[in-house]
1. Looking at this structure, is Glu156 closer than 29 Å to Tyr112 by Cα and charged (D, E, K, R)?
2. Please go through the range 1-22 and pick out each residue that is under 16 Å from Leu39 (Cα atoms), of a type in the set (A, V, I, L, M, F, W, C) and either surrounded by 15 or more Cβ atoms within 10 Å (Cβ to Cβ) or at pLDDT below 80 (or both).
3. If the Cβ limit is 6 Å and pairs must be 6+ apart or interchain, which residue in the range 36-48 that is assigned to a strand (DSSP E or B) pairs with which residue that is of a type in the set (D, E, K, R) and modelled with pLDDT under 90?
Amino acid sequence: MKLSGDFAPSYITFSGTGSNVINVLEKNSSRENVKMKQLPILSEFTRRIFSKVFGENCDEIELKQFNEPKEITCKGGLMVPLSMTSDDIDSIKKVLIGTKSNVVLPDKNLKYNQLNADVESQVVSDYELFVNVFFDLNNEFNFQNKFGINPSRFNEYKDIMLKKSMEYLKSGIQEKIDDMGGNFDVNLEETMFFYPLVGALNELAFRV
């Protein structure tokens, strides 16, 4: 959003049944008699993240979750104009490569066969910056008080998250290429930042 020149959002709404996982972090927000749950702790946490990324103190960002999040997904689908084609949707897509300074716009595509060691190194560098920022947030937004997370093993968790960053990135890229039948000549369609993140989280879940 920052690279695209957009403003930080004022509201973020969660949809789909998978969004119920946030209830683990903010249990007190689960009030069944209220149609939309307020998420004050996660809202403040999110505001601090946006403030760090944008490099300025962002205004309040309100997170909300419907008691029936799948219903919101359905309503969103119904609101898409019938005249909108797949080309129209593609024209508004933006893909963050996973580096600090590059975003793939509709008129500037990047193919998997154009990836190189320099791009991969930048992606890993930005991912590692994310990990450091995330754990540093505990110093100003006490994870134990807010989320009930014991920080006694944070150094161990952080080491796991950082140890195999490049390996997980390369594995994620290769898995994506395998899913496409080995075709390298395809436009990048998802940020590579998530490849090392997914690999590290799987390792963390297995080890812990």
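The values are calculated or read from the model by the stated rules, or taken from the named source; none is laboratory data. These numbers come from a predicted model, not from an experiment. When we count neighbours, we look across all protein chains shown, and the Cβ atoms used for this are built from the backbone with ideal geometry, even at glycine.
1. Judged against the criteria, Glu156 is not a match.
2. Those that are under 16 Å from Leu39 (Cα atoms), of a type in the set (A, V, I, L, M, F, W, C) and either surrounded by 15 or more Cβ atoms within 10 Å (Cβ to Cβ) or at pLDDT below 80 (or both): Ile12, Phe14, Ile22.
3. Cβ pairs passing all conditions: Met36/Lys64.
Residues checked against (1) surrounded by 12 or more Cβ atoms within 10 Å (Cβ to Cβ); (2) modelled with pLDDT of 90 or more; (3) basic (Lys, Arg):
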residue: Asn113; (1), (2), (3): no, no, no
residue: Phe130; (1), (2), (3): yes, yes, no
residue: Phe135; (1), (2), (3): yes, yes, no
residue: Asn138; (1), (2), (3): yes, yes, no
residue: Met161; (1), (2), (3): yes, yes, no
residue: Met180; (1), (2), (3): yes, no, no
residue: Ala200; (1), (2), (3): yes, yes, no
